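Enquirer: Right, I'll just put the structure down here and ask away after.
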Amino acid sequence: ERLESELTACLEQLAELNDAMSRHASGPGAISLHTLQRHREILHDYSAEFQKTRASIKVARERASLLDTVRSEIRHHRDAAQPAGGRAGDASLLRERNALHHAVRLADEVIGRAQSTQGSLNDQRTMFANIRGNLLTLGTKLPVIGNLIGAIGARKRRDVLVLGGTAGFCFVLLFWAAFM
């Protein structure tokens with residue numbers, strides 16, 4: 001927790017430095033704007049990595065806590081079942097309860113992985129949206145790059161049509177072979 005607060009303070013300090021750099025940037029020079037943009041991207045990457053690491057640590061702590069709780073409950077139920085002289089139903093109920101706890105733990109792990117994946121995909125979507133915006137801005141400023149972006153888009157559409165046609169042909173061929 002102390003390390004987390006130190007890292008948070010460092011990230012905040014880096015953000016303040018980036019803000020100060022943007023206020024003191026000398027003129028509309030492309031080099032200074034590029035450097036400032038690169039520093040902002042680095043800050044964003046560090047912040048995203050920090051959030052992912054913090055979430056992973058939190059999940060690991062919760063998992064360890066859950067595992068300790070389950071172990072203590074199992075130990076408690078075993079100790080409680082021993083002196084009672086043992087009814088046959090108690091052992092099967094204990095096994096069923098342990099199986100349920102195991103299933104819940106596995107479900108929690110899957111949900112944690114899914115949330116982590118969702119966060120990564122959201123970060124990627126944001127990054128690609130930023131890249132797309134930068135390319136479109138660059139394309140409007142430089143006609144050669146605009147033409148290149150148009151050519152890439154046309155090739156992408158052509159590739160989609162070819163892939164769709166191939167998949168459709170294979171699908172028709174599959175049905176023809178299945179019913180003949």
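The values are calculated or read from the model by the stated rules, or taken from the named source; none is laboratory data. Keep in mind that this is a model prediction, so the values were computed, not measured. Because the Cβ atoms are built from the backbone with ideal geometry, glycine has one as well, and the counts that use them run over all protein chains shown. Accessible surface areas use protein heavy atoms only, side chains included; no ligands, DNA or RNA. Shrake-Rupley method; radii C 1.70, N 1.55, O 1.52, S 1.80 Å.
Enquirer: Over 30 Å from His44 (Cβ atoms) and open to solvent by 60 Å² or more (accessible area, probe 1.4 Å) - does that describe any residue in the range 105-123?
Expert: Looking for residues that are over 30 Å from His44 (Cβ atoms) and open to solvent by 60 Å² or more (accessible area, probe 1.4 Å), one finds at least one in the range 105-123, hence yes.
Enquirer: Looking only at the range 124-138, decide whether some residue is within 20 Å of Ala64 (Cβ to Cβ) and either of a type in the set (Gly, Ala, Ser) or open to solvent by less than 80 Å² (accessible area, probe 1.4 Å) (or both). Lay out the reasoning, then the answer.
Expert: Narrowing the range 124-138 to residues within 20 Å of Ala64 (Cβ to Cβ): none.
No - not one qualifying residue is present in the range 124-138.
Enquirer: If you don't mind, there's one more thing I want to ask. If a residue has to be under 18 Å from His34 (Cβ atoms) and of a type outside the set (Lys, Arg) to count, how many in the range 141-171 make the cut?
Expert: 2
Enquirer: Is it the case, given these coordinates, that Ile145 is surrounded by 11 or more Cβ atoms within 10 Å (Cβ to Cβ) and within 17 Å of the chain's Cα centre (by Cα)?
Expert: Judged against the criteria, Ile145 is not a match.
Enquirer: To continue, here is another question. In the range 83-102, what count of residues is obtained for those that are at pLDDT below 65 and either hydrophobic (A, V, I, L, M, F, W, C) or exposed (fewer than 10 other Cβ atoms within 10 Å of the Cβ) (or both)?
Expert: Number of matching residues: 4.
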